[in-house]
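Values in this text are rule-based calculations from the coordinates and carry no lab data. The model shown is predicted, which means the values in this text are computed figures rather than measured ones. Neighbour counts run over all protein chains shown; Cβ positions are idealised from the backbone, glycine included.
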Amino acid sequence: MSLRKGKYAMLLNRNVAFLWIGQLVSQAGDSITHMAVIWLMLDLTGSPSLTGFIAFAATAPALIFGLFAGVLADHYRRRILMMISDFARFFLILLIPIFYSMDMLSPMVLAIIVFCVATFGTLFNPSRDAIIPELVDQSLILKVNTLIQSTGYLAYFVGLFGAGMLLAAMGVVNLFFLDAGTFLVSFIMIALISYKRSDQNIQNYESRHLAELKKGLQYVLVQDRRLFWIILITALNNLFIMGPAVVGTPLLIKEVWDGSGQDFAFIESSYGIGMLMATFIVYRYASKFKKGTWLMLGLIYDGLTFIPLFWVGRFGFDPFWTTLIIIFIHSLGIPFIQVTRTTLIHSIVPGNMQGRVFSMINLAVIGVMSISVALTGVLAESISPRTIFLLIGIGASLSGLLGLSMKAIRTAD
């Protein structure tokens, strides 16, 4: 593939354009599923623990299969893996409204479908992140990572705001038809990507997948200890943050101030606006400072900005607008975590190892989330959602301070 250079090389690259369009559409669908599955389970059962269980089903595959997905991303054609992931999720998401119309959608059936969707989803992110250096010149990687992440943020807003607008007319179950269609669009866009892999990436591995996984673990644990600490601190931060973010927010809305599914969708959509706005700051300034420092400061901010949710519904302020504003402020720190971490991995990890390292990051983010959401659901049976946000905000901030105290992490770039 000839690499176009110059100021607009990123925008003129047809493969990046196809990847961008596919991500915009499918991630908008992802955001709908994220909201609809949680709220559907809460509506069906009214149980915090079962709501945590469905969130666990959506994240457990990353914990179980995440590392092997990285091996596959380094071993097989990344574009093909992404296509398989999209097509499987298209079919599986369709089963939710079909089973519901047949009165067959029990909490367990919903959990099984969600688990299968997430299992195929584990293939997508490591393959997408690892394919980027094969599509563009090294000098454009930060810009492309910023574009891809900002696309996710825009899609998150569009999907959830649109879901909030459509919810009254369509009902929560029918939103899944719309979601399934987005994966089909993404499948088509990924299929249109055409490029020639480098010799390094098309080498034949004679050892089996477990041996390749072992090589990836040895690289992280022995050859570059910075990666070990980045992954460990990411996991610790997400253990505190992700459960309350996924399960605690709808419980806060429904239990504390009797909000609706539309309230949930609109509040969640504020994530997309905040993250999109902050991405422009990352794009402009992140290259001027050490990426490790940006990453740890983002983790500290991530925790501190959840603490104010402890006071939602108090002091006479409208709980909807209070929650929306706090979530918006919180969301401004997320790109400083996601964009800088992805670009840091591209900078310090060899191309033939990136799939495995990204899968370990994915394990730390989504895999640990599976533990966090399950714990949050159980805790919420006896502890107020507001108190949970106070405790986890403090814990998440301390994890970022731990990383910032380590010189090797602060100076990583």
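Each residue of region 31-44 was assigned a 3J(HN,Hα) from its phi angle through the Karplus curve 6.51 cos²θ - 1.76 cosθ + 1.60 (θ = phi - 60°); the sequence is 5, 5, 4, 3, 6, 5, 5, 4, 5, 4, 5, 5, 5, 5 Hz, with glycine and proline shown as x. For the chain, modelled as a GNM whose springs connect Cα atoms under 10 angstrom apart, the maximal fluctuation among Phe240, Phe310, Phe264 occurs at Phe310. The ranking of Arg284, Arg225 from fewest to most other beta carbons within 10 Å of each one's beta carbon is Arg284, Arg225. For helix 48-75, report the angle its Cα long axis makes with the longest principal axis of the Cα atoms of the chain; keep it between 0 and 90° and round to the nearest 10°. The angle comes out at about 10 degrees.
Of all alpha-carbon pairs in region 46-96, indicate the percentage at a distance above 15 angstrom. All intermediate terms of the calculation are to be shown ahead of the outcome.
On the way: 813 of 1275 pairs.
Cα-Cα pairs of region 46-96 separated by over 15 Å account for 64 percent.
Take 294-304, 156-166, 43-53 and order them by the average number of nearby Cβ atoms within 10 Å per residue, most first; the result is 294-304, 156-166, 43-53. Adding -39500 (n - 2.57) for every DSSP H run of four residues or longer, then dividing by how many residues the chain holds, sets the calculated 222 nm ellipticity at -25000 deg cm²/dmol.
Put a plus charge on the Cβ of each Lys and Arg, a minus charge on the Cβ of each Asp and Glu, and nothing anywhere else: the dipole of region 62-194 about its Cα centre is then about 120 debye.
Past the 22 Å Cα-Cα mark, which pairs from Lys143/Lys290; Lys143/Lys215; Lys288/Lys407; Lys143/Lys288? Numbers along the way, then the final one.
Values: Lys143/Lys290 16 Å; Lys143/Lys215 30 Å; Lys288/Lys407 18 Å; Lys143/Lys288 14 Å.
Violating the 22 Å limit, Cα to Cα: Lys143/Lys215.
On the beta carbon distance between Thr387 and Asp103, with R0 = 51 Å, the FRET formula returns roughly 0.85. Compared with the dominant principal axis of the Cα atoms in the chain, helix 368-379 is inclined by about 10°. Sequentially through region 20-30, phi angles give Karplus couplings (6.51, -1.76, 1.60; θ = phi - 60°) of 5, 5, x, 5, 4, 6, 5, 6, 4, x, 4 Hz, Gly and Pro residues having no value and appearing as x.
For region 286-413, rounded, prolate or oblate, judged on the Cα gyration tensor with a ≥ b ≥ c (square roots of eigenvalues), a/c < 1.5 rounded, else prolate if a/b > b/c?
Numbers: a/c = 2.44, a/b = 1.76, b/c = 1.39.
In terms of gyration-tensor shape, prolate.
What shape does region 348-412 take by its C-alpha gyration tensor, where a ≥ b ≥ c are the square roots of the eigenvalues and a/c under 1.5 counts as rounded, a/b above b/c as prolate, and the rest as oblate? In terms of gyration-tensor shape, oblate. The charge dipole of the chain, taken about its Cα centre with unit charges on the Cβ of Lys, Arg, Asp and Glu (plus for the first two, minus for the last two), comes to roughly 1680 debye. Note on the chain: with a GNM built from Cα contacts shorter than 10 Å, the maximum mean-square fluctuation among Ile112, Ile267, Ile337 falls on Ile112. For helix 385-404, report the angle its Cα long axis makes with the longest principal axis of the Cα atoms of the chain; keep it between 0 and 90° and round to the nearest 10°. With rounding to tens, the tilt is 20 degrees. Residue exposure proxy: Glu255, Glu381, Glu134, Glu268, ordered by other Cβ atoms within 10 angstrom of their Cβ from fewest to most, comes out as Glu381, Glu255, Glu134, Glu268.
Where nothing but the Cβ of Lys and Arg (+1) and of Asp and Glu (-1) is charged, how large is the charge dipole of region 38-104 around its Cα centre, in debye to the nearest 20? Each step should come with its number before you reach the end.
Details: 4 positive and 4 negative charges, 71 e Å.
In total the dipole reaches around 340 debye.
Within straight-line reach of Lys291, meaning a Cα separation under 19 Å, sit the following aspartates and glutamates at least 8 residues removed in sequence or on another chain: Asp129, Asp224, Asp302, Asp413. Listed values for region 217-228 are Karplus-derived 3J(HN,Hα) couplings in whole Hz (6.51 cos²θ - 1.76 cosθ + 1.60, θ = phi - 60°), namely 5, 5, 4, 6, 7, 10, 6, 9, 5, 4, 5, 4, and x replaces Gly and Pro.
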